[in-house]
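Since the structure comes first, as structure tokens, the remarks are kept for the end.
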Amino acid sequence: MQSAPSTRAGSRLCVRCGERKAALKRPKTLEQICRECFYVVFEDEIHRTIVDNCLFKPGERVAIGASGGKDSTVLAYVLSELNNRHKYGLDLFLLSIDEGITGYRDDSLETVKRNEIQYGLPLKIVSYKDLYDWTMDDIVKAIGLKNNCTFCGVFRRQALDRGAALLKVDKIVTGHNADDIAETVLLNILRGDIARLSRCTFITTGEDGPIPRCKPFKYTYEKEIVMYAYFKKLDYFSTECIYSPNAYRGFAREFIKDLERMRPRAILDIITSGENFRISTTTKMPEQGTCERCGYISSQKLCKACVLLDGLNRGLPKLGIGRTTKGGAGADGNGERPGKQKERNRSSLQGKHGNFDF
Ligand SMILES: Nc1ncnc2c1ncn2[C@@H]1O[C@H](COP(=O)(O)OP(=O)(O)OP(=O)(O)O)[C@@H](O)[C@H]1O
């Protein structure tokens, strides 16, 4: 269901081509441009981001994390266009994680299945039920609405890696956009999460982990993604997750939207600030190892997913939430006790959908 974005352009000519009537005011620059020029600048900026940051090598297999939402749908569409146009030589796949959220993910997966046909990209779906024997519906029954995003974020992160391994891809790309990254910078500052602050602006992460992840929309504004999807009539699913009442991120989001209204560059400025933070050399950072139980990357004896699963399976779903557990991955950002550097450096994996750090 697509609602019309506000495009607010007058009857002037496009400032780029000077020929066609302007159809929209570009949110990033406030230029009045026509639709055709908007497509060109939007796609070219993503192409430049890909080339300037050497995101891909010819011949690579790349999984697009496809939720059916606007960001990943536009990413799948634009990436396959650019791949053909600029001959990147990539083998693209859609990778969807079915968290088991009735009335939300089942519907959005139907959109991804249509995208599979529309864009001619093979789709792989991996479910929490198969991987963990728990769906998010089951988890919410056990833990309630508070903190469920922690489970979802931790489990999705691993599920994407496991799905990517099944597809034998070299890279995962996600639809995280400039607004998402600016929010994450702000939230990491507010939570004092230095370890995450230092890497949340990286365009590629996880190069030391199982499969690197990149964010080709790092500099792409959410409003422009919505406009692009709307004008191109892309088929996407636009309902918010029924289990994600993450108020803290919501406030950060609203704050950034207010700043953007006053100064469109604010989003890029926050990202630049995040990139330029320098972490004191005396700050202790977590050391990367592997989980003793499942072998997944972890800075603790057990990875966060195993700690959370332990809690669920023992009927103690709050185990691993908001408190550091002995021998297990530590505190979640929300339940954090102040002033404990060691804990603050650990994961606060709670994002809009729990996925703070890609
Ligand atoms: N269930 C999923 N399966 C595969 N990839 C996912 C899934 N959920 C999120 N992602 C990936 O993580 C990115 C950021 O997810 P987030 O939950 O923040 O949603 P979003 O900003 O609304 O993005 P989208 O509009 O693509 O849903 C998505 O763009 C997508 O690439």
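The values are calculated or read from the model by the stated rules, or taken from the named source; none is laboratory data. Bear in mind the structure is a predicted one, so any value in this text is a computation, not a measurement. Cβ placement follows ideal geometry from the backbone for every residue including glycine, while neighbour counts extend to all protein chains displayed.
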Residue count for region 49-63, restricted to those that are part of a helix (DSSP H, G or I), under 18 Å from Tyr77 (Cβ atoms) and not hydroxyl-bearing (Ser, Thr, Tyr):
1
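Restricting region 127-146 to residues that are of a type outside the set (Ser, Thr, Tyr) and surrounded by 22 or more Cβ atoms within 10 Å (Cβ to Cβ), which is nearest to the chain's Cα centre (by Cα)?
Here is the first cut: in region 127-146, the ones of a type outside the set (Ser, Thr, Tyr) are 129-131, 133-134, 136-146.
From what is left, the residues that are surrounded by 22 or more Cβ atoms within 10 Å (Cβ to Cβ) are 136, 139.
Details: Met136: 18, Ile139: 22 Å.
Out of the qualifying residues, it is Met136.
Residue check: is Pro212 of a type outside the set (S, T, N, Q), surrounded by fewer than 22 Cβ atoms within 10 Å (Cβ to Cβ), in contact (Cβ under 8 Å) with a residue 24 or more places away in the chain and within 15 Å of the ligand (Cβ to nearest atom)?
Details: of a type outside the set (S, T, N, Q): yes; surrounded by fewer than 22 Cβ atoms within 10 Å (Cβ to Cβ): yes; in contact (Cβ under 8 Å) with a residue 24 or more places away in the chain: yes; within 15 Å of the ligand (Cβ to nearest atom): yes.
For Pro212, the condition - of a type outside the set (S, T, N, Q), surrounded by fewer than 22 Cβ atoms within 10 Å (Cβ to Cβ), in contact (Cβ under 8 Å) with a residue 24 or more places away in the chain and within 15 Å of the ligand (Cβ to nearest atom) - is met.
Report yes if Ser96 is assigned to a helix (DSSP H, G or I) and of a type in the set (Ser, Thr, Tyr), otherwise no. Reasoning before the result, please.
Numbers: assigned to a helix (DSSP H, G or I): no; of a type in the set (Ser, Thr, Tyr): yes.
Against the criterion (assigned to a helix (DSSP H, G or I) and of a type in the set (Ser, Thr, Tyr)), Ser96 does not qualify.
A quick yes/no check of all residues on (1) over 22 Å from the mean Cα position of the chain (by Cα); (2) assigned by TED's automatic domain parsing to the domain that holds Asp106; (3) exposed (fewer than 14 other Cβ atoms within 10 Å of the Cβ):
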{"position": "Phe217", "(1), (2), (3)": "no, yes, no"}
{"position": "Lys223", "(1), (2), (3)": "no, yes, no"}
{"position": "Thr239", "(1), (2), (3)": "no, yes, yes"}
{"position": "Thr281", "(1), (2), (3)": "yes, no, yes"}
When both residues are 6+ apart or on different chains and their Cβ atoms are under 6 Å apart, which pairs have a first residue that lies in region 263-286 and is more than 16 Å from Ala252 (Cα to Cα), and a second that is of a type in the set (S, T, N, Q)?
Glu275/Thr201; Ile279/Ser198; Pro286/Ser299; Pro286/Asn345
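Within the bounds of region 65-73, is there any residue that is under 21 Å from Lys232 (Cα atoms), without any contact (Cβ under 8 Å) to a residue 40 or more places away in the chain and out of contact with any strand residue (DSSP E or B) (no Cβ under 7 Å at 6 or more places or on another chain)? Step through it out loud before you land on a result.
First, the residues of region 65-73 that are under 21 Å from Lys232 (Cα atoms): 65-73.
Next, only the ones that are without any contact (Cβ under 8 Å) to a residue 40 or more places away in the chain stay: none.
Within region 65-73, not a single residue is under 21 Å from Lys232 (Cα atoms), without any contact (Cβ under 8 Å) to a residue 40 or more places away in the chain and out of contact with any strand residue (DSSP E or B) (no Cβ under 7 Å at 6 or more places or on another chain).
Results for (1) modelled with pLDDT of 90 or more; (2) assigned to a loop (DSSP other than H, G, I, E, B); (3) touching a strand residue (DSSP E or B) at 6+ places or on another chain (Cβ under 7 Å), shown as yes or no for each residue.
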site	(1), (2), (3)
Gly250	no, no, no
Ile271	yes, no, no
Gly274	yes, no, no
Lys284	no, yes, no
Val307	yes, no, yes
Arg323	no, yes, no
Ser348	no, yes, no
Phe358	no, yes, yes
Please return the ranges of helices (runs of 4 or more DSSP H) entirely within region 105-179 where 2 or more residues are in contact (Cβ under 8 Å) with a residue 60 or more places away in the chain.
105-119, 136-143, 148-167
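If you check Val154 against the conditions, is it within 11 Å of the ligand (Cβ to nearest atom), under 16 Å from the mean Cα position of the chain (by Cα) and buried (at least 17 other Cβ atoms within 10 Å of the Cβ)? Lay out the reasoning, then the answer.
Working: within 11 Å of the ligand (Cβ to nearest atom): no; under 16 Å from the mean Cα position of the chain (by Cα): yes; buried (at least 17 other Cβ atoms within 10 Å of the Cβ): yes.
Considered against the rule, which asks whether it is within 11 Å of the ligand (Cβ to nearest atom), under 16 Å from the mean Cα position of the chain (by Cα) and buried (at least 17 other Cβ atoms within 10 Å of the Cβ), Val154 comes out as no.
Residues to consider are Val40, Val74; find the one that is surrounded by 17 or more Cβ atoms within 10 Å (Cβ to Cβ) and assigned to a helix (DSSP H, G or I). Write out each step before concluding.
Numbers: Val40 fails: surrounded by 17 or more Cβ atoms within 10 Å (Cβ to Cβ).
Testing whether each residue is surrounded by 17 or more Cβ atoms within 10 Å (Cβ to Cβ) and assigned to a helix (DSSP H, G or I) leaves just Val74.
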Considering region 87-125, residues that are within 13 Å of the ligand (Cβ to nearest atom) and of a type in the set (Phe, Trp, Tyr), and then whichever is surrounded by the fewest Cβ atoms within 10 Å (Cβ to Cβ), we arrive at Tyr104
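Could you look through region 44-56, keep only residues that are of a type in the set (D, E, K, R) and either crowded, with 22+ Cβ neighbours inside 10 Å or free of Cβ contacts under 8 Å to residues at least 40 places away in the same chain (or both), and pick out the one that is nearest to Lys25 (Cα to Cα)? Lay out the reasoning, then the answer.
Looking only at region 44-56, we keep the residues that are of a type in the set (D, E, K, R), and these are 44-45, 48, 52.
Restricting the remaining residues to those that are either crowded, with 22+ Cβ neighbours inside 10 Å or free of Cβ contacts under 8 Å to residues at least 40 places away in the same chain (or both) gives 44, 48, 52.
Values: Asp44: 18, Arg48: 22, Asp52: 27 Å.
Filtering first and then ranking leaves Asp44.
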Would you check if Val62 is more than 8 Å from the ligand (Cβ to nearest atom), over 25 Å from Lys233 (Cα atoms) and among the β-branched types (Val, Ile, Thr)?
no
When Ile256 is evaluated against the numbered criteria (1) closer than 16 Å to Asp180 by Cα; (2) touching a Phe, Trp or Tyr at 6+ places or on another chain (Cβ under 7 Å), which criterion, by number, is the only one it fails?
(2)
Here are the criteria: (1) at pLDDT below 95; (2) in a helix (DSSP H, G or I); (3) away from the ligand (no atom under 15 Å from the Cβ). Tell me which single one Asn84 does not satisfy.
(1)
